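One structure below.
Only the coordinates and a few stated rules stand behind these numbers; no lab work does. Given the structure is predicted, the values throughout are model-derived calculations rather than measurements. Counting neighbours? That spans all protein chains shown, and the Cβs are built from the backbone with ideal geometry, glycine included.
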Amino acid sequence: MKKVFAFVLIAACFACKSEENKNQNSVSPDENLTTSKAVEQYKGLIPCADCMGIEVVLTLNDDHSYVESNTYLTDKEGNPQHKEEGSYEWKGDTLLLNRKEGVSKRFRTDTALMAIDMEGKLMNDEFGMKYNLKKVF
């Protein structure tokens, strides 16, 4: 009887130790998530028809995803915000943002993303310059 009790006690100790090691080696779901890293960010204040302007922050991540945050500057308390996420790709110096409503294009320079028209030509006029986003990093 003593041998059976000692065997059960030893087996229980090994089982506890095995479970402890298993818990130490397991990774919680939150720790196992891969997060994307921002590789470039652009900011600007673009015109708005019915507000004082839209503050745009465009972040490009290393996994080719992007986040664009738009804050509408109004006289009202609490400026409305809109956030859009999607994927992007580069075609030479042209950035293609894959949006829900279609592809948006911008031309990259060393310091900015510049507005281009539907034909891919730079919008260097006063109107086009208002839609440029300056590079933050």
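For segment 43-137, applying the loop criterion from DSSP together with a ceiling of 13 other beta carbons within 10 Å to the GluC sites (Glu not before Pro) yields Glu77, Glu101, Glu119. So if I take the alpha carbon set of segment 38-135, get Rg, then get Rh from the Kirkwood formula, what is the Rg over Rh ratio? Result for segment 38-135 is an Rg/Rh of 0.96. Starting from the Cα of Glu84, step 7 Å toward the Cβ, then list every residue of segment 34-67 with an amide N under 16 Å from that point. Backbone N within reach: 42-49, 54-61, 65-67. Taking amide H as placed 1.01 Å from N in the peptide plane, Ser87 has its amide H under 5 Å from the amide H of Tyr66, Asn98, each at least 5 places away in sequence or on another chain. Taking amide H positions as modeled 1.01 Å from N, with prolines and chain starts lacking one, the residues under 5 Å from Gly53 and 5 or more places away or on another chain are Cys48, Leu73. Taking amide H as placed 1.01 Å from N in the peptide plane, Val136 has its amide H under 5 Å from the amide H of Gln41, Tyr42, Lys43, each at least 5 places away in sequence or on another chain. Once the Cβ-Cβ distance of Asp62 and Glu119 is raised to the sixth power relative to R0 = 35 Å, the FRET efficiency obtained is 0.70. Given axes a ≥ b ≥ c from the Cα gyration tensor, I'd like to know whether segment 80-137 is rounded (a/c under 1.5), prolate (a/b larger than b/c) or oblate. Since a/c stays below 1.5, the shape of segment 80-137 is classed as rounded.
Karplus-based coupling profile of segment 95-100, in residue order and whole Hz: 8, 10, 9, 7, 9, 4, with θ = phi - 60° in 6.51 cos²θ - 1.76 cosθ + 1.60 and x standing for Gly or Pro. Each residue of segment 62-79 is assigned a 3J(HN,Hα), and the resulting list reads 5, 8, 6, 9, 9, 10, 10, 10, 10, 10, 7, 7, 10, 7, 6, 6, x, 6 Hz, derived from the Karplus form 6.51 cos²θ - 1.76 cosθ + 1.60 (θ = phi - 60°), x at Gly and Pro.
Grab the Cα-Cα distance for Asn98 and Lys135, subtract it from 0.36 nm times how many residues apart they are, and report the gain in nm with one decimal. Using 0.36 nm per residue and subtracting the Cα-Cα distance, I get 11.3 nm.
Among Lys91/Lys134; Lys83/Lys105; Lys76/Lys105, which pairs are too far apart, with a Cα-Cα distance over 28 Å?
Working: Lys91/Lys134 20 Å; Lys83/Lys105 18 Å; Lys76/Lys105 32 Å.
Too far apart for the 28 Å limit: Lys76/Lys105.
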